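Read-outs: derived from the displayed coordinates by stated rules, not from any lab. Quick caveat: nothing in here was measured; it's all calculated off a predicted structure. Neighbour counts run over all protein chains shown; Cβ positions are idealised from the backbone, glycine included.
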Amino acid sequence: MGPVIKFSNATIFQDDRPVIGNLNLEVNKGEFVYLLGKTGSGKSSLLKTIYGDLALQQGNAEVAGYSLQNLKRKDIPYLRRKLGIVFQDFQLLGDRNVYNNLRFVMKATGWDDETKIKSRISEVLKKVGLENKEQKMPHELSGGEQQRVSIARALVNEPEIILADEPTGNLDPDTSEEILKLLKEISESGRSVLLATHDLIVYNKYKSRTLTFEDGKVSDSK
């Protein structure tokens, strides 16, 4: 089986400005990869390109079987079903409980059997250690619990790849470590995880393959 992410001679632009040049990158199934670099170094731009928010204007790339240089707008939702995305600010819907946050995403991506929805929600909440929190509203949860809900949401469609953009940015060190352990476990179960961070405390505790973003280039520790 080939890589789940592959970039060849790619240049990534943000607002017509190249932020990463001549990117050659392969990520295989189940790999855990850090994206390390200062704010503005291109980490988020790479993730946005992978999930189809930024068009790939130069070079070639393939993500989960989709060619990014030829990606049509109508194909973006299908690409995103192969991806789970975790943001720094959780992005939970404040007007509904945990169960309905997850159900909302599932309905939006084509699930219609309520029995299967219920079963899958129960499964992913157990996986992230929140099996008794289905009826809680986001404001009733700690920051770490809210991030676990957003990881559960990222897992509902059984994605091949998890993209985590500064997932520990709003969390204290102990909670950050718990979230990182959870993401490591997810990669060990066969999903690729790309984690953008500048949280060096957590990074130094759990070393892994690292892409370093600096001066428009990406260097790979592999």
> Restricting attention to region 202-222, which residues are more than 20 Å from S44 (Cα to Cα) and part of a helix (DSSP H, G or I)?
Replying inline: N204, K205
> Just a yes or no: is a residue in region 180-194 acidic (D, E) and within 13 Å of the chain's Cα centre (by Cα)?
Replying inline: no
> Got at least one residue in region 41-48 being in a loop (DSSP other than H, G, I, E, B) and among the polar types (S, T, N, Q)?
Replying inline: yes
> What about L25, is it in contact with a helix residue (DSSP H, G or I) (Cβ under 7 Å, 6 or more places away or on another chain) and of a type outside the set (F, W, Y)?
Replying inline: no
>> Return the pair list, or none, for Cβ contacts closer than 8 Å from residues in region 63-87 that are in contact (Cβ under 8 Å) with a residue 40 or more places away in the chain and at positive phi to residues that are β-branched (V, I, T) and not in a helix (DSSP H, G or I), at least 6 apart or on different chains.
In response: A64/V4; A64/I5; A64/I161
> For region 30-61, which residues satisfy the criterion of being surrounded by fewer than 17 Cβ atoms within 10 Å (Cβ to Cβ) and touching a helix residue (DSSP H, G or I) at 6+ places or on another chain (Cβ under 9 Å)?
Replying inline: G30, D53, A55, Q57, Q58, N60
> So which of I121, I161 is over 24 Å from D95 (Cα atoms) and either aromatic (F, W, Y) or surrounded by 19 or more Cβ atoms within 10 Å (Cβ to Cβ) (or both)?
Replying inline: I161
> Which ones in region 3-40 are in a loop (DSSP other than H, G, I, E, B) and either within 24 Å of D199 (Cα to Cα) or in contact (Cβ under 8 Å) with a residue 12 or more places away in the chain (or both)?
Replying inline: P3, V4, N28, K29, G30, E31, G37, K38, T39, G40
> Can we say G94 is small (G, A, S) and either without any contact (Cβ under 8 Å) to a residue 24 or more places away in the chain or more than 29 Å from L180 (Cα to Cα) (or both)?
Replying inline: no
